[in-house]
Amino acid sequence: MEAMFYVVPLVMIGLAVFFLARVLRRAQEVRGAWGSGLTAEARCLRTYTRVSGGGGTTASTTLHHVYEFTTRDGRGVRFEESNGPATVVEGDTVTVYYAPDRPERATAHAPARGRLTAESGCLVAFLGAFIAGCVIFMVVVHTFFAAADGFLP
């Protein structure tokens, strides 16, 4: 029974670290694409929405776009990006930014380094506070079990 109070927070910490790594990696990829100076005209092939939640919880809708473009060396690249502008529809042409070594990690978001830093920073702060809360919970539970000498069956 005691183990549950350690295992569950550790699993939650593991998931938070996983999402933290994803957020930081994507921010680095987008910064690299913007910083490379390489752009191309891409065509929006498809747009769709993905709904998560619902039922007894609040539903969240995310807009996705699928783009295709040709790099300077003539290679065709197709990529998908979430949270794009709702004004871009199938068939539209947009400017994409990409790094020469990883064009499949391109972005159609216009350069906004301050916004990217703020979004990433807020997510890092939230996940850091979440991880700290899990650690504090485990310390409090450990202290309780040590003081109660195994009070729970």
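The values are calculated or read from the model by the stated rules, or taken from the named source; none is laboratory data. Just so it is clear, the structure is predicted and the values come from calculations on it, not from any experiment. Every residue, glycine as well, gets a Cβ built from its backbone with ideal geometry; the counts of neighbours run over all protein chains shown.
Remarks
- Only one of the listed residues (GLY74, GLY55, GLY37) is farther than 15 Å from PRO103 by Cβ and modelled with pLDDT under 95. That residue is GLY55.
- The single condition from (1) over 30 Å from PHE137 (Cβ atoms); (2) at pLDDT 95 or above that ARG102 fails is (2).
- Unique residue being in contact with an Asp or Glu (Cβ under 8 Å, 6 or more places away or on another chain) and small (Gly, Ala, Ser) when the list is ALA108, ALA59: ALA108
- For GLY114, the criteria (1) closer than 27 Å to GLY14 by Cα; (2) in a helix (DSSP H, G or I) hold in every case but one, which is (1).
- Residue count for segment 91-145, restricted to those that are out of contact with any strand residue (DSSP E or B) (no Cβ under 6 Å at 6 or more places or on another chain) and either more than 25 Å from ALA40 (Cα to Cα) or aliphatic (A, V, I, L, M) (or both): 32.
- Filtered residue count, segment 1-43, keeping only those that are more than 26 Å from GLY128 (Cβ to Cβ), of a type outside the set (Gly, Ala, Ser) and touching a Lys or Arg at 6+ places or on another chain (Cβ under 8 Å): 1
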